[in-house]
């Protein structure tokens, strides 16, 4: 397309009021917000949903699978 | 099957939808706001927002609207629209219509306009809308419909079934991500089976000039020629439904949109 929005706008943070409404689309359980990695973590589904340019991407096929180590680490948080 | 096709189709043609007169200014958009009568404290969700036109139409009337879609390029267009219109209460999220990533009972209004014909599982979509709505919440739906006895009277049910199949084949040829347009009666049944009270339904004819409609999603010339044949040589029930005609040497036809307003009982 003629213009690329990513260049036209500064990168953005997700709106916390939107984040607090979100749940895992698969399990409908609460998510853990990893601000540093810009991910929303579903412990129940063992998935980390990315937040790209401030837009939460709540699609399982776009999410990163979490391994046992990461899940254990989350358990200590 | 259709989800990645939808992302491919709309990813590539997001800008065409941002500027499409039908999607931006369609009569159903103003009519929808009028019928819904949004309130200033409402939390709203627009599903399969595309370039964000429906979310943007409601944003000035509600506390907040989340514009959701599964296509990144569409969400980028929706965000551009929100910025251009100075709509600070319009947010974007990438969310699947059949697996909504929202807590139950969070929204006063869920809208979905000219999109469910892409969804593989309409009852599941309706169930998810039900889940995220508060008791008393409003589900406002607009979609193109296929011919049935309600929209196209005077034909046998076999002829109407054929016409509905032919109409959906016509749409799928133009846009492979098209899944299926339902008939108006079928929509009413799904909405009420989900548990909603259907408070209003109406049909709105949408006159389309064939050529720009056929070209918007980048169909090949050979495909456009086949579409034209299907439109002008269709069976009588399909002709009665699509009403192909020449106006000032241009081929026009009419699509039927249904508006359904449903309420989740308190």
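The values are calculated or read from the model by the stated rules, or taken from the named source; none is laboratory data. Values in this document were obtained by computation on a predicted structure and should not be read as measured data. Here the Cβ positions follow ideal geometry from the backbone for every residue, glycine too, while neighbour counts run over all protein chains shown.
The rows are residues; the columns are (1) crowded, with 24+ Cβ neighbours inside 10 Å; (2) without any contact (Cβ under 8 Å) to a residue 40 or more places away in the chain.
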{"residue": "B:73", "(1), (2)": "no, no"}
{"residue": "B:103", "(1), (2)": "no, yes"}
{"residue": "B:109", "(1), (2)": "no, no"}
{"residue": "B:115", "(1), (2)": "no, no"}
{"residue": "B:120", "(1), (2)": "no, no"}
{"residue": "B:127", "(1), (2)": "no, no"}
{"residue": "B:160", "(1), (2)": "yes, no"}
{"residue": "B:166", "(1), (2)": "no, no"}
{"residue": "B:170", "(1), (2)": "no, no"}
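Suppose we filter region B:227-264 for residues that are exposed (fewer than 15 other Cβ atoms within 10 Å of the Cβ), in contact with a helix residue (DSSP H, G or I) (Cβ under 9 Å, 6 or more places away or on another chain) and in a helix (DSSP H, G or I); how many remain? The qualifying residues number 1.
Assessment of region A:9-31 against the conditions (at pLDDT 95 or above, away from chain B (no Cβ under 11 Å) and not in a helix (DSSP H, G or I)) yields no matching residue. Against the list (1) touching a helix residue (DSSP H, G or I) at 6+ places or on another chain (Cβ under 6 Å); (2) away from chain A (no Cβ under 11 Å); (3) free of Cβ contacts under 8 Å to residues at least 40 places away in the same chain, the condition residue B:86 fails is (1). Only one of the listed residues (B:120, B:147) is over 23 Å from residue B:5 (Cα atoms) and part of a loop (DSSP other than H, G, I, E, B). That residue is B:147.
Quick grid of which residues meet (1) in a loop (DSSP other than H, G, I, E, B); (2) more than 7 Å from chain A (Cβ to nearest Cβ); (3) farther than 20 Å from residue B:30 by Cβ:
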position	(1), (2), (3)
B:67	no, yes, no
B:73	no, yes, yes
B:80	no, no, yes
B:93	no, no, yes
B:104	yes, yes, yes
B:112	no, yes, no
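Taken over region B:150-192, the residue count meeting the criterion of being in contact with a strand residue (DSSP E or B) (Cβ under 6 Å, 6 or more places away or on another chain) and assigned to a loop (DSSP other than H, G, I, E, B) is 2. Being in contact with a helix residue (DSSP H, G or I) (Cβ under 6 Å, 6 or more places away or on another chain), assigned to a strand (DSSP E or B), within 17 Å of residue B:129 (Cβ to Cβ) and free of Cβ contacts under 8 Å to residues at least 60 places away in the same chain, is that true of even one residue in region B:44-57? No, that holds for no residue.
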